[in-house]
Amino acid sequence: MITVAGGVFFSVGIMFLLLGGWSFWEKIKFENELGNRGQFNTTISKLSGWEEFNKQELERKQNLVFTFLVIAGISGSLGVGLAIAGKNQPTQ
């Protein structure tokens, strides 16, 4: 039973690792989109207040990547640990 729980935690870790990779890709895409704006768009964004919103959005995306990767690491570690504990547990 412990081994099954380990497998579940490990699969959750893999799922969050994939989500972390996807959100990292989205963050890079957003950074490129902000970097490729022209001078006119940048000036208009600063005057209208959208630049602050873009900064907050980029920070939110960075936090999301970090959160997904931390959850993936913790779940994967728990999964491997439980699988090893279940494998080494004597049968009754």
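The values are calculated or read from the model by the stated rules, or taken from the named source; none is laboratory data. Every value quoted in this text rests on a predicted model; they were computed, and no experiment measured them. Note that we place each Cβ from the backbone using ideal geometry, even for glycine, and neighbour counts take in every protein chain shown. These accessible areas exclude ligands, DNA and RNA; they are computed on the full protein's heavy atoms, side chains included. Shrake-Rupley method; radii C 1.70, N 1.55, O 1.52, S 1.80 Å.
Only one of the listed residues (Ile28, Ile44, Ile14) is in a helix (DSSP H, G or I), in contact (Cβ under 8 Å) with a residue 60 or more places away in the chain and exposed (fewer than 15 other Cβ atoms within 10 Å of the Cβ). That residue is Ile14.
Cβ-Cβ distances below 9 Å connect the following pairs, each with a first residue in the stretch 48-63 that is exposed (fewer than 12 other Cβ atoms within 10 Å of the Cβ), a second residue that is basic (Lys, Arg), and a separation of six or more residues or different chains: Glu52/Lys46. Considering the stretch 71-92, the residues that are of a type in the set (Ser, Thr, Tyr) and within 14 Å of Val8 (Cβ to Cβ) include one that is surrounded by the most Cβ atoms within 10 Å (Cβ to Cβ), namely Ser75.
Picking from residues in the stretch 31-41 that are open to solvent by 100 Å² or more (accessible area, probe 1.4 Å) and either within 19 Å of the chain's Cα centre (by Cα) or not polar (S, T, N, Q) (or both), the one that is farthest from Phe68 (Cα to Cα) is Phe40.
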